[in-house]
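Reading through the structure tokens given below for one structure.
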Amino acid sequence: MRKGPSSKTKKAVAKRFTLTAKGKLKRSQAGRRHLAASKNRKTKRQLASREVVAHADTKRMKVCLPFS
């Protein structure tokens, strides 16, 4: 008997996103990796916080995280 396709976790997605208790996805913000000397303290501090992924993108990401 043949088995169906298995769902695997996409490790690239698993490293970048975390699932909250309510099922939302959190991600880190862009713009913090380099050229930080030209950014002021407030900007860098705000970029350090995590942001919730947009509702339109959440469904696609959850397919890549079947066991979360």
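When +1 charges are put on Lys and Arg Cβ atoms and -1 charges on Asp and Glu Cβ atoms, the dipole computed for the chain relative to its Cα centre reaches about 160 debye.
Given a cut-off of under 8 Å on Cα pairs at least six residues apart, what relative contact order in percent is computed for the chain?
Details: 57 pairs, mean separation 27.9, N = 68.
That works out to 41 percent.
Within a straight-line Cα-Cα reach of under 17 Å, Lys22 can be paired with the following lysines, leaving aside sequence neighbours fewer than 8 residues apart in one chain: Lys59, Lys62. Computed from phi, the 3J(HN,Hα) profile of region 48-63 under the Karplus parametrisation 6.51, -1.76, 1.60 (θ = phi - 60°) reads 6, 6, 8, 10, 7, 5, 4, 4, 5, 8, 4, 4, 5, 6, 5, 5 Hz, with x in place of Gly and Pro.
By the rule of a C-alpha distance below 27 Å, with chain neighbours fewer than 8 residues away ignored, the lysines paired with Lys44 are Lys15, Lys24, Lys26.
Counting only Cα atoms, the size of the chain along its three principal axes is 62, 24, 18 Å, in decreasing order.
Read-outs throughout are calculated quantities, based only on the coordinates presented, and are distinct from any laboratory measurement. Remember, predicted model here, so these are calculated numbers, not experimental data. Ideal geometry is used to build each Cβ from the backbone, glycine not excepted, and the neighbour counts take in all protein chains shown.
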